[in-house]
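Working notes for the structure below.
The values are calculated or read from the model by the stated rules, or taken from the named source; none is laboratory data. Since the model is a prediction, treat every value here as computed from it, not as a measurement. Here the Cβ is made from the backbone with ideal geometry for all residues, glycine too, and neighbour counts use every protein chain on show. Side chains are part of the model used for accessible areas, which takes the heavy atoms of the whole protein and leaves out ligands, DNA and RNA. Shrake-Rupley method; radii C 1.70, N 1.55, O 1.52, S 1.80 Å.
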Amino acid sequence: MGAGAYLLSIKLKLKTFPHPGEFLHIKPTSEGNDPLLRRAFSIFDYDEQNGTVDVLYKVFGRGSAILSRVAAGHVLDLLGPLGNGFPIPEKSKQLLLVGGGVGIPPIYLLAKTCLRNGHDPKLIKFLMGFGKAEDCVMGERVAQLPIEQALSTDDGSRGHKGFVSDLLKAKLAGGLAGDKTVIYACGPEGMLKSIQGLAKEYATPCYLSLESIMPCGLGTCLGCVVKQEGEDKYLRVCREGPVFEANEVEL
Amino acid sequence: MSSPNLKVNIGGVEFANPVMTASGTFGYGEEFNEYIDLSRLGGIVTKSITRHERKGHRPPRTAETASGMLNAIGLANVGVDAYVRDKLQFLRGLGTKIVVNVAGFDIDEFIYVVDKLNGHEEIDMVELNISCPNVKGDGMEFSSKPEIAYEVVSKVRKICDFPLMPKLSPNVADIKPIAKACEEAGADALALINTLYGMAIDPYTWKIKLTNVTGGLSGPAIKPVAIQAVWKVYNTVKIPIVGIGGIMDYRDVVEFMLAGAKAVQFGTANFIQPDCTITAIDGLTEYLQQRNIADVNDLIGKAVKI
């Protein structure tokens with residue numbers, strides 16, 4: 001797609017429409033033991049007619065680089081869908097959906113799911129944050145949704161100059177704060193931390209989808225944990241998450 | 001040819017086949033129940049338990065390395081009381097052998113935990129994790145010196161209702177005297193190897209990848225280290241050896257058995273392929289059939305020098 005972003009379409013018939021926020025644990029290569037572990041990718045989209053699951057990602061390290069070179073028609077080794085996914089909001093709620101870069105996929109699927117369920121499009125606002133204008137390719141499919149959208153880039157090359165949390169803050173300050181609204185967010189940890197702070201400041205329910213180094217994805221290695229807020233306890237991102245209530249976790 | 005014999009006897013416990021799961025890679029079995037038929041496993045070795053519940057280290061706790069991974073989970077576990085109360089219930093009646101891995105930071109802790117396990121008939125064997133640091137001693141692992149290994153194993157042996165299998169560390173100059181000391185202390189079997197010390201640093205951010213700084217290296221990267229340890233120990237002691245270290249498939253099982261292991265444990269492989277153990281049992285059966293080997297025990301220690 002350019003800007004280091006890749007769209008992977010996997011022929012995979014799921015029993016039911018995937019729950020937004022669920023992820024697939026994909027082995028970058030089935031040849032040999034290096035890289036050894038699977039990589040977690042949020043489900044971006046699902047085509048029921050053709051039975052294809054889409055994954056949208058950016059190349060960050062060796063695993064994703066190898067995956068990006070997989071030829072069309074190759075058989076992939078994957079596990080999933082895994083994880084809890086986002087709770088589907090009541091239809092009366094105002095939704096503030098926030099996606100930062102590669103955090104957009106699960107939020108897009110949530111928007112699509114809510115629209116399929118008959119959520120009033122006027123009640124859904126999608127805020128996207130990118131590094132620079134070229135990265136905005138990751139928001140192309142979101143742009144096709146019949147909902148209000150806004151975007152920011154760190155360098156101001158497109159949309160609002162600054163962070164997507166600025167856009168969220170404006171919405172909350174502009175009268176959308178409170179328990180008639182639900183915020184859903186996925187993106188880099190810094191962004192999630194800001195959003196967690198805003199949700200608290202504006203007393204608005206908020207769910208965050210977290211990313212973590214996730215060796216097994218099955219809840220057994222205890223590698224991917226996040227600290228539970230106010231408790232001397234760790235939660236498994238793969239099993240209790242990846243979606244958490246914003247006030248439930250310490251980022 | 002009819003089905004080959006896969007049964008192996010370790011310390012008086014008959015395992016249906018030589019394939020077990022390694023401690024810390026299989027939880028208490030619950031998560032895997034939805035992926036595989038647990039009754040087909042030779043045995044399940046459950047996650048290390050200690051006297052009290054442990055929350056574990058602050059993340060990041062793992063880092064991938066070339067054909068391996070580092071972990072510093074920090075012995076996170078529910079503690080022995082909750083284990084006996086909540087976890088044994090599930091493990092009971094799974095139709096596989098249950099080996100409980102016990103960790104401790106001093107000898108009293110090992111004794112306390114094993115004593116709490118005594119009398120629970122769901123348990124078939126105790127694996128003693130003597131590869132954790134001895135906080136009351138000099139901070140070295142119990143399995144780093146023959147005298148200390150002897151002391152902890154003999155003291156636990158006296159009070160333990162079950163066959164006892166110390167798990168040895170590879171982070172020693174010579175594993176043979178430690179294995180020998182465990183045997184002399186009354187160990188019924190030996191499990192080896194635990195993880196190797198390791199560390200990784202990000203060259204761009206200069207940050208150490210684990211919060212705990214160092215961790216244990218596991219996965220295929222350590223298999224040759226494990227094979228040589230099993231071979232050396234096999235030629236040193238008479239008690240059975242359970243081989244661990246980078247086992248991914250039935251070929252690795254065969255390799256460990258040829259080196260002298262009577263059974264094996266799959267560790268890191270469970271993270272990648274939840275059904276790796278079952279696939280390996282099937283692969284091993286086929287391997288023996290194709291070679292007209294009637295008994296899996298005939299593989300043990302049969303590696304030939306060239």
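Tabulated values for the structure
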item	result
Residue list for the stretch B:265-276, restricted to those being farther than 19 Å from B:Ala189 by Cβ and either of a type in the set (Ser, Thr, Tyr) or buried (at least 17 other Cβ atoms within 10 Å of the Cβ) (or both)	B:Thr268, B:Ala269, B:Asn270, B:Phe271, B:Ile272, B:Gln273, B:Pro274, B:Cys276
Which listed residue is within 14 Å of chain A (Cβ to nearest Cβ), open to solvent by 10 Å² or more (accessible area, probe 1.4 Å) and of a type outside the set (A, V, I, L, M, F, W, C), from B:Lys223, B:Lys238, B:Lys232, B:Lys262	B:Lys223
Candidates B:Asn71, B:Asn77, filtered to the one that is open to solvent by less than 60 Å² (accessible area, probe 1.4 Å), more than 27 Å from B:Ala185 (Cβ to Cβ) and within 14 Å of chain A (Cβ to nearest Cβ)	B:Asn71
Considering residues of the stretch A:71-98 that are free of Cβ contacts under 8 Å to residues at least 40 places away in the same chain and more than 27 Å from A:Met128 (Cα to Cα) only, the residue surrounded by the most Cβ atoms within 10 Å (Cβ to Cβ)	A:His74
Count of the stretch B:26-36 residues which are in a helix (DSSP H, G or I) and within 22 Å of B:Phe162 (Cα to Cα)	0
Unique residue being outside the structural domain of A:Lys180 (by TED's automatic domain parsing) and not acidic (Asp, Glu) when the list is A:Val137, A:Val59	A:Val59
When residues of the stretch B:241-259 are limited to those that are of a type in the set (A, V, I, L, M) and more than 14 Å from chain A (Cβ to nearest Cβ), the one most open to solvent (accessible area, probe 1.4 Å)	B:Leu258
Count - residues of the stretch A:195-239 that are aromatic (Phe, Trp, Tyr) and open to solvent by less than 10 Å² (accessible area, probe 1.4 Å)	0
Lone unmet requirement of (1) crowded, with 22+ Cβ neighbours inside 10 Å; (2) under 25 Å from B:Pro166 (Cβ atoms) for B:Gly12	(1)
Which listed residue is in a helix (DSSP H, G or I), more than 7 Å from chain A (Cβ to nearest Cβ) and open to solvent by less than 60 Å² (accessible area, probe 1.4 Å), from B:Ser23, B:Ser39	B:Ser39
Any hit, the stretch B:184-200, residues being of a type outside the set (S, T, N, Q), part of a helix (DSSP H, G or I) and buried (at least 16 other Cβ atoms within 10 Å of the Cβ)	no
Some residue of the stretch B:1-18 being in contact with a helix residue (DSSP H, G or I) (Cβ under 9 Å, 6 or more places away or on another chain) and under 20 Å from A:Gly223 (Cα atoms)	no
